[in-house]
Amino acid sequence: MTSPLEQKKIKITGPSVVTANRTWDGAVVYRTAQKGWSTELADSAVVSTSDDARALLAEANADDVGAVGPYIAPVELKDGGKVKPGNLREQIRAKGVTIDLQVPA
Amino acid sequence: MPLVKQGRLTTDLFVHVAEGAELPGDGAVLVTAERFLADPEALLRRSGKLGVIWPNNRNVDDLVPYLDRLASIALVFPTFRDGRAYSQARLLRERHGYDGELRATGQILRDQFVFMTRAGFDAFEVKKDADAAAFAETMKRYSVFYQPTGDGRVTALNRRMQLRHSESASQ
Amino acid sequence: MYAYDELDRTLINERVSEFRDQVKRRLSGELTEDEFKILRLQNGVYLQLHAYMFRVAIPYGTLSSKQLRRFAHVARRYDRGYGHFTTRQNIQFNWIKLAELPDALADLAEVGIHAMQTSGNNMRNVTSDQWAGVAPGEIEDPRIWSELIRQHTTLHPEFSFLPRKFKIAITASEHDRAAIKIHDIGLRLHKNADGETGFEVLVGGGLGRTPFIAKTIKPFVHGRDVLSYIEAILRVYNQYGRRDNIYKARIKILVHELGIEKFAKEVDEEWKQMGDSELRLDHAAIEEVRSRFSYPPYEKLPHMPDELKQAAHDPLFERWRKNSVAPHKVQGYSIVTLSLKPVGGPPGDATAEQMDALADLADKYSFGEIRVGHEQNLALPHVAKRDLPALFKALDRLGLATPNVNLVTDIIACPGLDYCSLANARSIPIAQELTRRFANHDTADLIGRLHINISGCINACGHHHVGHIGILGVEKNGEEFYQITIGGRADENAQMGTLIGPAVPYAEVADVIEDIVEAYLALRDRPEELFVDTVKRLGVEPFRERVYATR
Ligand code: HEM
Ligand code: SF4
């Protein structure tokens, strides 16, 4: 579990979610409001205050068997409430690599 | 904390005495290196058995004069990532001929048992009960060893050479 | 080829079953991630952006066709149909599921392949020259020693929890293809005045945040003493290497902080105390390992077969032959390098189909043997010259005959932000764009030998410091930027490159590299002067001017 000391440092500046990798297969997952994990960013619990972010992260950290390495990631909220990744790293995690793999499908 | 000694779960007869805490009048104790080095002779004259908890950043050469009178040396794994005590263990056993109890203390998991035994440990303060219970089974996991250490297990290379020898002898 | 015996196979299987148990305990919650992380790393399992990544060892870069086919199987069955060959004679699979890993390992174990110590703070895969055993002029096959050291350092009871990772590379040729000077220990095999085999031992090389070129700690260690000498180095490092800060934990920092003389003294003292230990290798022990390396039954073949004379009229064949085919120590044979750097492709990737097809070609033309080198290319080490034209046609169909070995498009790149959780910036798309810019083979030939190396962060997995041109991804205000260095090299004259100026944004990198290359073409004093030599002669200033004058 992340120590409370580390958690104190958490400060968010915009809408955020908690994301991690699922333990059994490594898939990218997002913490949901139902205290579970989903592979869909759309299902994620979006928080907008540092206190809520901290609480969501603490809850995610407590589920060490479900997912690995939870952290807070920025998102953008589009019109109509659609959630989009907030930076390139998260975009790559959500959508996959940006390159042509040349692997026959 | 369960103690595994010579392959079996046993009751720990030693009491860890913290730095500055009062020393019990008798009975087996494990004291800190500072306390030991402050007055080794007095401690060694005590009636109960004496062991020392030796930190992993201190040269084991300092212990050499006392090895035949110590009942236990506890080497420390602050986390199981920190492998300094493996070198200390081999030096104590293989270079300095220490043959008393060599115990591993700190974050001890079953996944280190084989390494530790090969390095010369024979007592383990195991963190989890399940790991302690799995000691014997874990020790059976490996039958092939590449390096010679003081534990006397035959190395793969030695086995190959023996095999060659017996093959050429039978031809 | 090295043949594992029953004991090696038993050990690998024992390791697989131990890992299976560890995975089971992790999935059931008996092991926390904090505990499991170290255990999985000791078996080559990282967690990346999208999934677990699985790194498998190819000791000293030698593979059999059977083993390569098994990689193809793992790629198909457990991953997404491809694998990535790294700069340290490993292959990585990017999409492995933890729950299936033990099965993948078991499948690999059947062909004598393992993932032991391919990551974590222990002795990594001992690498060697990919032309070992076939290069003309080689003193002796360095893989015998790699294998002796591999065995000695596998599941070592004293050195499995070092302060940091530890990498050894060995070369036995004048030209260092194993990059020994950027390793924790580099071994250069040579003979002493009495004709005995031994090693110049170098220590403390490495890249990453604080790059160092390795220094010579002993000019000659007798072969029989090489294990005990390495053991002495490791023992000093295990006890005194820093553990307070992971960026200062590599042996290079210890060597730097103590100074090479003091460090050497510590090692010598330890070595002396070890005395005539069991680690001394007697002749029989060395021969035991040597006897398990087999060499193909070469035929007596002409130096210049008719097939080759005829094919010389085909300009495409000739271009490929001149670029990718190297002399072999046996007359009538060649070493063929297979570029894994097709135009527009991710450097070092190979698909399962390519691996299978290549395994077939290796059976047909290279006694079933394949090699993997640190430039992220493959090689067929024993091709009869008469077969070169047929091989070329087959490779071309597979997309493995790009004639760009050692040229500007033969780019070494780390996975970068497309895969890696530590990355600042992407590497692969930069490499892809550069291969498109320099896609014209005539231009690439004109430019000549030029190594571009790209890393997505300061960990330097793409060896950017020692690239003739090095590209390092950094982050500025959430955007991808790249620092560019020139003049580095990784060979026997290893040297770090020099920064040419401020970092440039993603979209400008390819333009900047084009400018640098154009500057070189204008500045070189004759066509044979290599890029690195021009940089050495003129310094970075003329290049800096050219790049930043208009920016
Ligand atoms: C994709 C996941 C990878 C991760 C998380 C990773 C991580 C790292 C880290 C943290 C270091 C620095 C260690 C240190 O200096 O102490 C490092 C070094 C290195 N990596 Fe990777 N790496 C990855 C992939 C690769 C790949 C694909 C290659 C080969 C193409 C590679 C080759 C190397 C090499 C050669 C070094 C050594 C540089 C040195 O000596 O400092 N790595 N890696
Ligand atoms: S250099 Fe950095 S970005 Fe590239 S693979 Fe290594 S750790 Fe990842």
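The values are calculated or read from the model by the stated rules, or taken from the named source; none is laboratory data. None of these values were measured; they are calculated from a predicted model. Glycine gets a Cβ as well: all are built from the backbone with ideal geometry, and neighbour counts include every protein chain shown. When the accessible area is computed, the model is the full protein with side chains, heavy atoms only, and any ligands, DNA or RNA have been set aside. Shrake-Rupley method; radii C 1.70, N 1.55, O 1.52, S 1.80 Å.
Side notes on the structure shown:
Table: residues versus (1) away from ligand 1 (no atom under 16 Å from the Cβ); (2) within 14 Å of chain A (Cβ to nearest Cβ); (3) open to solvent by less than 20 Å² (accessible area, probe 1.4 Å).
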site	(1), (2), (3)
C:Phe438	yes, no, yes
C:Leu450	yes, no, yes
C:Ala460	no, no, yes
C:Lys476	yes, yes, no
C:Gly488	no, no, yes
C:Asp491	no, no, no
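- Verdict on C:Gly206 being touching a helix residue (DSSP H, G or I) at 6+ places or on another chain (Cβ under 8 Å) and free of Cβ contacts under 8 Å to residues at least 40 places away in the same chain: no
- Residue in region C:158-167 that is surrounded by fewer than 24 Cβ atoms within 10 Å (Cβ to Cβ), out of contact with any Pro (no Cβ under 6 Å at 6 or more places or on another chain) and either closer than 18 Å to C:Pro327 by Cβ or away from every other protein chain (no Cβ under 12 Å) (or both) present: yes
- Count of region C:44-88 residues which are within 16 Å of ligand 1 (Cβ to nearest atom) and hydroxyl-bearing (Ser, Thr, Tyr): 6
- Whichever residue in region C:405-433 is more than 16 Å from ligand 2 (Cβ to nearest atom) and more than 14 Å from chain A (Cβ to nearest Cβ) and, among such residues, is most open to solvent (accessible area, probe 1.4 Å): C:Asn406
- Restricting C:Ile180, C:Ile217 to those that are more than 14 Å from every other protein chain (Cβ to nearest Cβ) and within 16 Å of ligand 1 (Cβ to nearest atom) reduces the list to C:Ile180.
- Residue within region C:329-351 that is away from ligand 1 (no atom under 16 Å from the Cβ) and among the acidic types (Asp, Glu) present: no
Matching residues to (1) over 24 Å from C:His152 (Cα atoms); (2) surrounded by fewer than 19 Cβ atoms within 10 Å (Cβ to Cβ):
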{"site": "C:Pro211", "(1), (2)": "yes, no"}
{"site": "C:His222", "(1), (2)": "no, yes"}
{"site": "C:Ala232", "(1), (2)": "no, no"}
{"site": "C:Ala249", "(1), (2)": "no, no"}
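- C:Ala169 falls short on exactly one of the conditions (1) more than 28 Å from B:Thr149 (Cβ to Cβ); (2) under 17 Å from the mean Cα position of the chain (by Cα), and that condition is (1).
- For first residues located in region C:233-244 and more than 7 Å from every other protein chain (Cβ to nearest Cβ), partners that are open to solvent by less than 10 Å² (accessible area, probe 1.4 Å) and among the charged types (D, E, K, R) and lie 6+ apart or on another chain with Cβ distances below 9 Å form the pairs C:Ile233/C:Asp184; C:Leu234/C:Glu158; C:Tyr237/C:Asp184.
- Flag if C:Thr402 is open to solvent by less than 30 Å² (accessible area, probe 1.4 Å), more than 16 Å from ligand 2 (Cβ to nearest atom), outside any helix (DSSP H, G or I) and within 14 Å of chain A (Cβ to nearest Cβ): yes
- Checking each residue in region C:18-43 for being closer than 30 Å to C:Trp145 by Cβ, surrounded by fewer than 23 Cβ atoms within 10 Å (Cβ to Cβ) and within 14 Å of ligand 1 (Cβ to nearest atom) picks out only C:Leu41.
- Residue among B:Asp26, B:Asp12 that alone is surrounded by fewer than 21 Cβ atoms within 10 Å (Cβ to Cβ), among the acidic types (Asp, Glu) and touching a Lys or Arg at 6+ places or on another chain (Cβ under 8 Å): B:Asp26
Matching residues to (1) under 16 Å from B:Glu94 (Cα atoms); (2) open to solvent by 50 Å² or more (accessible area, probe 1.4 Å); (3) not assigned by TED's automatic domain parsing to the domain that holds C:Phe212:
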residue: C:Tyr229; (1), (2), (3): no, no, no
residue: C:Gln239; (1), (2), (3): no, no, no
residue: C:Arg242; (1), (2), (3): no, yes, no
residue: C:Ile246; (1), (2), (3): no, yes, no
residue: C:Leu258; (1), (2), (3): no, yes, no
residue: C:Lys262; (1), (2), (3): no, yes, no
residue: C:Val267; (1), (2), (3): no, no, no
residue: C:Trp271; (1), (2), (3): yes, yes, no
residue: C:Met274; (1), (2), (3): yes, no, no
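- Within region A:47-105, tally of residues that are under 26 Å from C:Arg40 (Cβ atoms), of a type in the set (A, V, I, L, M), out of contact with any helix residue (DSSP H, G or I) (no Cβ under 8 Å at 6 or more places or on another chain) and not in a loop (DSSP other than H, G, I, E, B): 2
- There is at least one residue in region C:378-386 that is away from chain A (no Cβ under 14 Å) and open to solvent by 30 Å² or more (accessible area, probe 1.4 Å).
- Filtering region C:298-314 to residues that are under 32 Å from the mean Cα position of the chain (by Cα) and open to solvent by 80 Å² or more (accessible area, probe 1.4 Å) leaves C:Glu299, C:His303.
- Residues being touching a strand residue (DSSP E or B) at 6+ places or on another chain (Cβ under 6 Å) and open to solvent by 10 Å² or more (accessible area, probe 1.4 Å) are represented in region C:133-144 by at least one member.
- Of the residues making up region C:245-257, those that are modelled with pLDDT under 95, within 14 Å of another protein chain (Cβ to nearest Cβ) and outside any loop (DSSP other than H, G, I, E, B) number 1.
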